[in-house]
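To start, the structure itself, in structure tokens.
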2 protein chains.
Amino acid sequence: MTSFKEKKVISIGIVSELTGLTLRKIRYYEERGLLAPGRTEKGVRKYSFADVETLMKIAEKREEGVQTAEIKEKLTKESNRRKIRDEMIKGQINAQFRMRK
Amino acid sequence: MTSFKEKKVISIGIVSELTGLTLRKIRYYEERGLLAPGRTEKGVRKYSFADVETLMKIAEKREEGVQTAEIKEKLTKESNRRKIRDEMIKGQINAQFRMRK
DNA sequence: CGTGTAAGGAATTCTGACACG
DNA sequence: CGTGTAAGGAATTCTGACACG
């Protein structure tokens, strides 16, 4: 269910290596609301592989000169689409169960 | 190819939370050769989700009183089986390619 | 707006060793 | 054998701010 890809377990230094982004940039994109890493009790940021992928998309867009505000919109829309899709799948599964009764 | 699950990106503190094992135990199992985390250039240990799963298996066995040496054997055998299986799959895929030519 | 950097402090991890057994 | 712990040091991360623009 909560797959590996979504688990917030990677610290920012490793994320930096994985994405090629500086710590400053990674923190800034969070500040601007483009992604939401987890935090340990002591306040240390933790990222998932999904976050790393998001950051790679952000990096591409930034290279194209796209501003963070626009990127944020695009990301929000994408996550909404994902949400709707997942709900539809859930609905289908539930429908299947009802059929079988 | 190099899937998320195998990537060495998790630090020992998080692994401890994920597995319920103390840092001491996690390091000791490594010392005994039951698993091989990666290291950053500075020497900080980094684990994969696969390592985390291995540690959970180790924890179970230890609770049953199995010694680390025995657990190590079992793990080695398992990884050999995995290796053989993967090679067979690779062989099959190659065979498919040859058929198509 | 987006990013770099120096600053001071806090949290994390590392190793080798002693302890118990 | 397997694990805890205290010890000292090194590496990592955090925040807020100044800089440039």
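The values are calculated or read from the model by the stated rules, or taken from the named source; none is laboratory data. Only a predicted model underlies this, so the values are computations on that prediction, with no experimental measurement involved. Every residue, glycine as well, gets a Cβ built from its backbone with ideal geometry; the counts of neighbours run over all protein chains shown. Ligands, DNA and RNA are excluded from the accessible area calculation, which covers all protein heavy atoms including side chains. Shrake-Rupley method; radii C 1.70, N 1.55, O 1.52, S 1.80 Å.
Details
- With the label put 7 angstrom out from Cα along the Cα-to-Cβ vector, B:G38 ends up 2.0 nm from the copy partners, going from closest to farthest.
- Put a plus charge on the Cβ of each Lys and Arg, a minus charge on the Cβ of each Asp and Glu, and nothing anywhere else: the dipole of the range A:4-100 about its Cα centre is then about 420 debye.
- In the context of the full set of protein chains, the protein assembly as shown has a per residue accessible area of 72 Å² (1.4 Å probe).
- Within the accessible area of the range A:4-100 (1.4 Å probe), percent carbon and sulfur: 51
- Between the alpha-carbon centres of the range A:1-53 and the range B:38-101 there is a gap of 27 Å.
- Peptide A:38-45 has a mean shielding of 1, counted as Cβ atoms of other protein chains within 10 Å of each residue's Cβ.
- Of B:M99, B:S11, B:G65, farthest towards positive along the dipole that unit charges on Lys, Arg, Asp, Glu beta carbons give the range B:2-99: B:M99
- Computed from Cα positions, the angle between helix B:68-100 and the longest principal axis of chain B comes to roughly 20 degrees.
- For the protein assembly as shown, the mean residue ellipticity at 222 nm estimated from helices alone is -21500 deg cm²/dmol, where every DSSP H run of n ≥ 4 contributes -39500 (n - 2.57) and the total is divided by all residues, rounded to the nearest 500.
- Residue among A:R27, A:R82, A:R62 with the largest mean-square fluctuation in a Gaussian network model of chain A, springs linking Cα atoms under 10 Å: A:R82
- Working note: Karplus 6.51/-1.76/1.60 with θ = phi - 60° gives the range B:31-47 the couplings 4, 7, x, 7, 7, 9, x, x, 9, 6, 4, 7, x, 7, 5, 9, 10 Hz, where Gly and Pro are set to x.
- Note on A:E41/B:R98: beta-carbon distance plugged into 1/(1 + (r/R0)^6) with R0 of 45 Å gives a FRET efficiency of 0.20.
- Cα-based Rg of the range A:4-100 normalised by 2.2 N^0.38 Å, two decimals: 1.31
- Dipole-positive endmost among B:T22, B:S79, B:I89 within chain B (Cβ charges, Cα centre): B:I89
- Highest average packing first - A:37-44, A:52-59, Cβ atoms within 10 Å: A:52-59, A:37-44
- Degrees between helix B:49-63 axis and first principal axis of chain B (Cα, 0 to 90, nearest 10): 50
- Cβ neighbours within 10 Å from other chains - mean over A:10-17: 4
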